[in-house]
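Written out below as structure tokens is the structure these notes cover.
The values are calculated or read from the model by the stated rules, or taken from the named source; none is laboratory data. Since the model is a prediction, treat every value here as computed from it, not as a measurement. Cβ atoms come from the backbone with ideal geometry, glycine included; neighbour counts cover every protein chain shown. Protein only, heavy atoms only, side chains kept; ligands, DNA and RNA dropped before computing areas. Shrake-Rupley method; radii C 1.70, N 1.55, O 1.52, S 1.80 Å.
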Amino acid sequence: MGKAFNIFLATFAATGSFLFGYDSGVMTDVIASQDFLTFFDTNSSSPIIGAINATFSGGAVFGSLMGGLTMDRFGRKKTVQIGAVIASVGAILQCAAYNLAMMLVGRIIAGWAVGLMSMSVPVYQAECAHPKTRGLIVGLTQQMIGVGFIVSTWIGYGCNHAPDTSSVQWRFPLAFQVLPSLMLLVGLIWLPESPRYLIEIGKEEEAMRVFRKLHHDGSNEEWIQSEFLEIKTTITEEKAISVLGWLPMFKIPMWRTRLIHGTLVQVFTQLTGVNVINYYQTIMYDALGFTGHKAVLVAGLYNIVGPITNFFFIVFVLDRVGRRKPLLFGAVGITIALICEAVLNSVNQNGTERGSSIAGVFFIFSVSVIFSLSFGPISWVYMSEIMPLSIRGRGNAFATGIGNWLVSTLFAQVSPIALSHIKWKYYFVFAAFNIVITIPTIALYFKETKQLSLEEIDLLFVKEDGRRISVDQGTLARERERKRSVHTMNEGKETEGTLQYEKSAELRDALPGSFLNGVKV
């Protein structure tokens, strides 16, 4: 089946990302519902609205961290299914809420589910992807997040035309989440587990069947055998030094470095300010003079622009240009757009200058376009591909939970207050962070990972004699040959808890003896 099946698997698994986008975007329209505001006795810029969004993000923190445990114990696919079950519960509580406490609990549970799926879906996709199309495959995460925003906005826009005394305005959009949750839960039954996870748990024959189904095109049998051997040998080596718990990934230098990279790309994504726009754009449009149904309509158009741009980028550009250059472009471009937005708002504080209002909407839309050409897809791709198997579950859990959702929780709570009090000056918070921290960090420290296998990416973070090694074609060829030799040498010689394995000096020095668990070096 090859590439077509791989894309289908990644797209269907990204239904979990659709739920991420839908549940994040649905509150944009819900807080614009007059019946919702009346029912909960609040207004669109109150701390209560911030609390509803913040509890969602807070729940996602714990959901992401939970994924670090479930992915290693139950696998990638079952973790996504667990998230789908939890999402259904959260949706039911939200749509049936009869007081604020019930709504907040529903949002926490929904966030818990989205956090779990937001870290597990990209890992599942990355482990199933071909190195040359991994940007496209994992980029489908962001694509489906965008589609989720689109669907939530237009469902919300339609329901917003119900009478202001009707709870259909907000209960139906919240209830709709149950449908994709059940589709994901049932549909994944017929899709395979990640071949890398299957190798890790000793199901090598099944792993090879899945690997061939994902990548065989009728003419690449030699590549299938070679790549599978490299994956198997790397996983065998990593299992020989695998350790329990979360502490080692902070103590071992090359694991810590990769954890920092994965976490920072998520932090930088939040500090673009794009999720503040996603949550509170109707408030921003109100400041520009677009109110009521018109604000919801503009929000609907905004949510279409990003996914269209993202689709073009992941299909035609990402796997060609790599990761670093688009991230730098995104950081610079979004900073310029935010500064322009702040200036326009400062001279049009009453929203009465039509030209300035239209220009203000243009620059808000520009943030979405630039984000979709950079941080949107790449944050998920880069995070999921740089983590080694030994810490892939826990590492992605930490990066997503802390880097993405904890930071998102902060801004979800403070943003409506900031937009109400300091107004246009709030944009400068994000612009300043990009200039001072994001751009220099990406330029100086981030790695280029395009078209490298997950096993080859390991070499980018390995040191010899305290120096980074140069990862060129010669280095990759020598590493493949070394792994073949190790595999041949150990064929039939492995015993439980004992493996002949040449660990790098950095890893050997970093691992305390108690971590080795009987491994013979």
With the 8 Å Cα cutoff and a minimum separation of six or more residues, the chain has a relative contact order in percent of 24 percent
Just need log10 I(q)/I(0) for the stretch 1-191 at q = 0.13, 0.14, 0.17 Å⁻¹, Debye formula, equal scatterers on the alpha-carbon atoms, no solvent, rounded to two decimals. -0.64, -0.73, -1.01
Cα gyration tensor shape of the stretch 259-367, rounded if a/c is under 1.5, else prolate or oblate by comparing a/b with b/c: prolate
So the label point goes 7 Å from the Cα of ASN350 along Cα→C-beta, right? Which residues of the stretch 268-296 then have their backbone N under 12 Å from it? none
In Å, the Kirkwood estimate of hydrodynamic radius for the chain over Cα pairs equals 23.6 Å
Just to verify a number: what accessible area does ASP217 come out at with the full protein assembly present, 1.4 Å probe, Å² rounded to tens? 100 Å²
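Evaluate the charge dipole of the stretch 311-467 about its Cα centre and quote only its size in Debye, nearest 20, assuming +1 on the Cβ of each Lys and Arg and -1 on the Cβ of each Asp and Glu. Before the final figure, lay out each step's value.
Details: 13 positive and 10 negative charges, 51 e Å.
My answer is approximately 240 debye.
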Using 7 Å Cα-to-Cβ label points, what is the PHE5/LEU301 separation (nm, one decimal)? 4.5 nm
Share of carbon and sulfur in the accessible heavy-atom surface of the stretch 244-463 [1.4 Å probe, %]: 71 percent
In the neighborhood of VAL321, defined by Cβ-to-Cβ distances under 11 Å, what is the net charge if each Lys or Arg adds +1 and each Asp or Glu adds -1? +3
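In whole percent, what relative contact order does the stretch 244-463 give with Cα contacts below 8 Å and a gap of six or more residues?
Relative CO of the stretch 244-463 lands at 38 percent.
For LEU229 and ASP217, compute 0.36 nm times the residue count separating them, minus their Cα-Cα distance, and round to one decimal in nm. Before the final figure, lay out each step's value.
On the way: separation 12, 0.36 × 12 = 4.32 nm, distance 1.81 nm.
Result for the pair: 2.5 nm of gain on full extension.
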The base-10 log of I(q)/I(0) that the Debye equation returns for the stretch 69-150 at q = 0.19, 0.21 Å⁻¹, one scatterer per C-alpha, is -0.87, -0.97
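GLU127: net charge of surrounding residues, Cβ under 9 Å, Lys/Arg +1, Asp/Glu -1, itself excluded? Intermediate values should be presented prior to the final figure.
Working: positive: ARG76, ARG196, ARG392; negative: none.
Local charge sum for GLU127: +3.
Classify the stretch 1-70 as rounded, prolate or oblate from the Cα gyration tensor: take a ≥ b ≥ c as the square roots of its eigenvalues, call it rounded if a/c is under 1.5, otherwise prolate when a/b beats b/c and oblate if not.
On the way: a/c = 5.20, a/b = 1.99, b/c = 2.61.
In terms of gyration-tensor shape, oblate.
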Accessible area per residue in Å² at 1.4 Å probe, computed on the chain: 38 Å²
Report the label-to-label distance for ILE422 and LEU410 in nanometres (one decimal), using points 7 Å from each Cα along the Cα→Cβ vector. 1.3 nm
Could you give each residue of the stretch 57-63 its phi-based ³J(HN,Hα) in whole Hz, using Karplus coefficients 6.51, -1.76, 1.60 with θ = phi - 60°, and x for Gly or Pro? 5, x, x, 5, 4, 6, x
Using only the alpha carbons of the stretch 192-351, what is the convex hull's orientation-averaged projected area in square nanometres? 14.5 nm²
So what's the back-of-envelope 222 nm ellipticity for the chain, counting only DSSP H runs of four-plus at -39500 (n - 2.57) apiece and dividing by all residues, rounded to 500? -23000 deg cm²/dmol
Report the full-extension gain for the segment ILE260 to PHE316: residue separation times 0.36 nm, less the Cα-Cα distance, to one decimal in nm. 17.3 nm
Which of the chymotrypsin sites (Phe, Trp or Tyr not before Pro) across the stretch 82-163 are loop residues per DSSP, with 14 or fewer other Cβ within 10 Å? TYR98
Where does each of GLU221, GLU455, GLU205, GLU353 land when they are ordered by accessible area, with a 1.4 Å probe and the largest first? GLU205, GLU353, GLU221, GLU455
So what's the gap between the Cα centers of the stretch 196-266 and the stretch 95-164, to the nearest angstrom? 27 Å
Mind giving me the nanometre distance, one decimal, between the label points for SER166 and TRP190, set 7 Å out from Cα along Cα→Cβ? 3.6 nm
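Taking square-rooted eigenvalues a ≥ b ≥ c of the alpha carbon gyration tensor, is the stretch 178-251 rounded, prolate or oblate, where a/c under 1.5 means rounded and, failing that, a/b exceeding b/c means prolate? Working shown, then result.
On the way: a/c = 2.68, a/b = 1.07, b/c = 2.50.
Oblate, because a/c is 1.5 or more while a/b does not exceed b/c.
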